[in-house]
Amino acid sequence: MLYISSYSGFLQGAVAPAVAASPSWCYVAALLVCLQLPHLSPAQPTICLTQGSSQAGGCLCASDILSCTGGGLEQVPDEMPVSAVTLDFSHNRIVQLEGGSFEGLYRLETLRLAHNQLTTIHPGAFRNISGTLLRHLDLSSNQLRVLEQHYFLDLLGLEELLLFNNRIVHVESRALAGLGSLRKAYLSHNRLTDFPFFSIQEHNHPHLSLLDLSSNRLPKLPLEDISNLPVLVQKGLYLHNNSLVCECSMYALFQHWDQRNFTSVTDFRREHTCLVYGIQKGTVRFFQHNRIFEKCDLTLMSGLLRYQESSVAVTAGTALLLHCVTTLTGQHVTFLWVSPNQEYVAPPGNNGSLKMYRNGSLEIVAASAEDSGIYWCMSLDQQHQRNETLEVNVTVVLQHDNVPLESFNTGFTTLLGCVVSLVLVLMYLYLTPCRCPPCRRASTQTTTTPSQGNEAGAGSAQSSILTPTPPATTEGPGRKVSTNKHVVFLEPIREQQNGRLRAGAMMQGHLGPGLLLGPEQPTKPQNQSQQRAGETDSIMSVFSDTPIMLP
């Protein structure tokens, strides 16, 4: 019998000498040893426990996920699976991150350290980590006080950074400089009194679209630095629930964003507040109560808020101001415009039609058709040898004074159509030619009761029958009832009375409100002329909401 030890790797048993003597048996034994020895297979860290284990400090390992939440850990474990893609150390007691804490994790993409007690991140804490693969870093709900510039140097591929609900009072100027792939940064619910807006530039953060600085302690906003931010950052810059002092420049900034429907303002209008004279009790919602800004000259403030659409339209004869928006700042920055006809424009402008200012703005004094086209602006930083360009497409809309433009009045045409329809209806009712011959009176009177006589008069040929619903049945020969549920149409009834037609078509029974006709009388033969006259007299006009003519 052959027994292979999983720890020593030697063959034991009675047949061991024979196996050792035969070369073929040696190969078979070596193969079995390689299959059984655990140290030749990937090692499973001792930190990984099976699901349901209650050992303190243990973590659950499932595929490429390592979860160590709520385990009471005071530091990052030393042994972690190198194949981990997601690490979750939330809700522990980790105080600091040592250098090389995540060394060798070359596949790591998500790292969660929320709800710990982090106060310090030592240099090199994220060194030798998958800096190009790590995309999500959650450091929220900790006790960080200062964001130092060495914290995120090794995270070149980081896209989302969560730092809300800490105690951050200061952010160093280059703390976010190395995050070239950053898209979203959350720093709300901290204690910030300032922020290095000047460090957020388009060439450093080309993908940054959300910067949440809400619920901090910012007293004032650097208007010039914020106006130089990329437009994508301005659209996603959240500054509500701060300690801003009410001033015209602050109000002009948010009014500027509100007019352009930036979601950072439109989604939180009620949360935008400021302090009147810096007094905490004087907090007002300036979008709802803007009387304190009535004396502010917003036209002067709008000059500082340089924002330029890529395509603009202007009416011929009016002025247009184009801003050369750039991230380059300093006294060494110069500007140059190129008009659609390839003409270079520099301060103070040329030939009176184009004016250019030192801050790079270009004014078209009186726009004409020749001014339409693409304008190029170039900003050059001679000290750092950098330049940026901006393209603006201008369309001049022509307006002819001798041909006033009138909009199509649909209300007038509708009224005219109604009047014409009414006239046609009246013509149909009252101007219909009468071709009936004079009718002869009956030689004898019919025998009716007084009530029947009154009701018969009401049902004469000149009356109109209006009834909401048709009767269930019809009586008498020649009577037809329309299938329309709103109106009953009756054809003339060929009845004879004393040798002639009766004056009106009679119905027996209740056909409408207040109409009851008497019973039919015996009929006698009549000649053809009398029959035609009687038929004409017995025609009854019936009106309703929807007139229908039946044969």
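The values are calculated or read from the model by the stated rules, or taken from the named source; none is laboratory data. Bear in mind the structure is a predicted one, so any value in this text is a computation, not a measurement. We place every Cβ from the backbone using ideal geometry, glycine too, and count neighbours over all the protein chains shown. The area values use the complete protein model at the heavy-atom level, side chains included, leaving out ligands, DNA and RNA. Shrake-Rupley method; radii C 1.70, N 1.55, O 1.52, S 1.80 Å.
Side notes on the structure shown:
- Number of positions in the stretch 324-363 that are open to solvent by less than 50 Å² (accessible area, probe 1.4 Å), closer than 23 Å to Arg386 by Cα and part of a strand (DSSP E or B): 7
- Taking the stretch 142-157 as the range and being out of contact with any strand residue (DSSP E or B) (no Cβ under 6 Å at 6 or more places or on another chain) and either farther than 19 Å from Asn92 by Cα or surrounded by fewer than 16 Cβ atoms within 10 Å (Cβ to Cβ) (or both) as the test, the residues that pass are Gln143, Arg145, Glu148, Gln149, His150, Phe152, Leu153, Asp154, Leu155, Leu156, Gly157.
To keep it simple, each residue is scored yes or no on (1) without any contact (Cβ under 8 Å) to a residue 40 or more places away in the chain; (2) within 30 Å of Gly330 (Cβ to Cβ); (3) among the acidic types (Asp, Glu).
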{"position": "Gln143", "(1), (2), (3)": "yes, no, no"}
{"position": "Val146", "(1), (2), (3)": "yes, yes, no"}
{"position": "Leu155", "(1), (2), (3)": "yes, yes, no"}
{"position": "Leu179", "(1), (2), (3)": "yes, yes, no"}
{"position": "Ser188", "(1), (2), (3)": "no, no, no"}
{"position": "Phe197", "(1), (2), (3)": "yes, yes, no"}
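- Residue in the stretch 224-244 that is among the acidic types (Asp, Glu), open to solvent by 20 Å² or more (accessible area, probe 1.4 Å) and part of a loop (DSSP other than H, G, I, E, B) present: no
- Filtering the stretch 70-107 to residues that are of a type in the set (S, T, N, Q) and farther than 19 Å from Gly157 by Cα leaves Gln75, Ser90, Asn92, Gln96.
- Selection count where residues are open to solvent by 10 Å² or more (accessible area, probe 1.4 Å), modelled with pLDDT of 90 or more, in a loop (DSSP other than H, G, I, E, B) and not charged (D, E, K, R), scope the stretch 125-141: 2
- Test: residue in the stretch 369-391 that is crowded, with 17+ Cβ neighbours inside 10 Å and not in a strand (DSSP E or B): yes
- Among residues of the stretch 174-212, those that are under 28 Å from the mean Cα position of the chain (by Cα) and in a helix (DSSP H, G or I), counted: 1
- Here Asn165, Asn216 are screened, and the one residue that is modelled with pLDDT of 95 or more, in a loop (DSSP other than H, G, I, E, B) and open to solvent by 50 Å² or more (accessible area, probe 1.4 Å) is Asn165.
- Residue ID - most open to solvent (accessible area, probe 1.4 Å), chosen from residues in the stretch 245-280 that are under 25 Å from the mean Cα position of the chain (by Cα) and more than 23 Å from Glu294 (Cβ to Cβ): Asn261
- Within the stretch 113-130, residues that are among the small types (Gly, Ala, Ser) sit with their Cβ atoms under 8 Å from residues that are not in a loop (DSSP other than H, G, I, E, B), at 6+ positions apart or across chains, in these pairs: Ala114/Asp138; Ala114/Leu162; Ala125/Leu97.
- Within the stretch 407-422, one or more residues are over 34 Å from the mean Cα position of the chain (by Cα), of a type in the set (Phe, Trp, Tyr) and either open to solvent by 80 Å² or more (accessible area, probe 1.4 Å) or at pLDDT 90 or above (or both).
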